[in-house]
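The values are calculated or read from the model by the stated rules, or taken from the named source; none is laboratory data. In this text the structure is predicted, and so the values were computed from the model without any measurement. Positions of Cβ are generated from backbone atoms using ideal geometry, with glycine treated the same way; all protein chains shown enter the neighbour counts.
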Amino acid sequence: MAARDNVVEMPIKELVIERVFDAPRERIFDLFTQPGHLQKWWGPKMVGVPLAEFEARPGGKIFIAERGLDGTMVYIAGVVREIERPSRLVYAIHFADADRRRVAPPTHSGLGDAWDDEIVTLVTFSAEGRGTRVTIRTLSGFTAEWGEKARFGWAESLDKLGYAAVDDMTVAPQGEREILITRSFNAPRALVYEALTNPEHVKNWWGPRQYGAVSATADFRAGGRYRFAQGSPHGEVAFSGEVRESSPERIVYIEEFEAMPGHAAVTTVTLDERAGKTFMTLRSVYQSREDRDGVIGSGMEWGARLAYLQLDEVLEGMQ
């Protein structure tokens, strides 16, 4: 997704960033202020957010944990100073440790070890046709090095927010034993197929990124096998099975959660390309209604939605 940021550096060392999103401002405001939404987009690309707390009221507490690909954790704490839905948000943040105590900025931040201020940010949301213009203005002083890093970080975060704003994924039970997922991707079918089946790409999008590194092995041809696994707060989460069919138009495979053997599903993925976009339909057929309902109740939708937002990033990089 091409960035459309307007960036203005003011004489008083302000940084102003603007971007227009193709979504109503109520939705964009919620993406900025609801913890579940913040986990989808906060931080640069390839960064996950295992924890986000945001009390959307004046004086409300903010606490966000960022996890890098190498496992490095960065914690941010702060407070909401002003909030007017859906038009205005002012918050102040600083760096913290896992126990929420204030700490010196990380060495890579560009702020310097002696920095002891708050980063105060004003965000305004203005209707612009059917879309929303977001203006982000940093109100407190900062170093020139930090300003450059902040500009880069916001640009990548807003790219991710753009994906979340237009996320059209649907999840619905079908019949007695099925789950149907639909999703579009802004990439041609051949590229989407490559990202779905090449383990080197799968490692970068499968599973919520905040849980850390993914291991992936796959041979996506009839009779081949695959295994995708990732750590989690409750131990390793691994899915594996046999591939029955594999082509850019249609993939059929067995999907078994290794912690619950004997409850595998048959999953069929169809990819339809129209005007340079790919429309995916994923249908999983389980062995019983109880199996299907258990998967729905497990939080599967949350994990899949985050994974496909991460796939948006991967596809952009592949293009």
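Every test in (1) surrounded by 15 or more Cβ atoms within 10 Å (Cβ to Cβ); (2) touching a helix residue (DSSP H, G or I) at 6+ places or on another chain (Cβ under 7 Å); (3) free of Cβ contacts under 8 Å to residues at least 40 places away in the same chain; (4) not in a loop (DSSP other than H, G, I, E, B) is passed by E53 save one, and that test is (1). Looking at the range 106-141, which of its residues are in contact with a Leu (Cβ under 7 Å, 6 or more places away or on another chain), of a type outside the set (S, T, N, Q) and either modelled with pLDDT of 85 or more or crowded, with 17+ Cβ neighbours inside 10 Å (or both)? Listed by number, the residues that qualify are V120, L122, V123, R137. Of these, L306, L271, L311, which one is out of contact with any Ser or Thr (no Cβ under 9 Å at 6 or more places or on another chain), surrounded by 14 or more Cβ atoms within 10 Å (Cβ to Cβ) and either at pLDDT 95 or above or in a strand (DSSP E or B) (or both)? The unique qualifying residue is L311.
Might you let me know whether the range 87-100 holds any residue that is modelled with pLDDT of 95 or more, part of a loop (DSSP other than H, G, I, E, B) and buried (at least 16 other Cβ atoms within 10 Å of the Cβ)? Among the residues of the range 87-100, not one is modelled with pLDDT of 95 or more, part of a loop (DSSP other than H, G, I, E, B) and buried (at least 16 other Cβ atoms within 10 Å of the Cβ), which makes the answer no. Only residues that are among the aliphatic types (A, V, I, L, M) and modelled with pLDDT of 95 or more were counted across the range 276-303, and they come to 3. Restricting the range 60-79 to residues that are more than 16 Å from R100 (Cα to Cα) and not hydroxyl-bearing (S, T, Y) leaves a set whose member that is modelled with the lowest pLDDT is L69. Note on the range 256-276: residues that are touching a residue at least 24 places away in the same chain (Cβ under 8 Å), under 22 Å from R189 (Cα atoms) and not hydrophobic (A, V, I, L, M, F, W, C) amount to 3.
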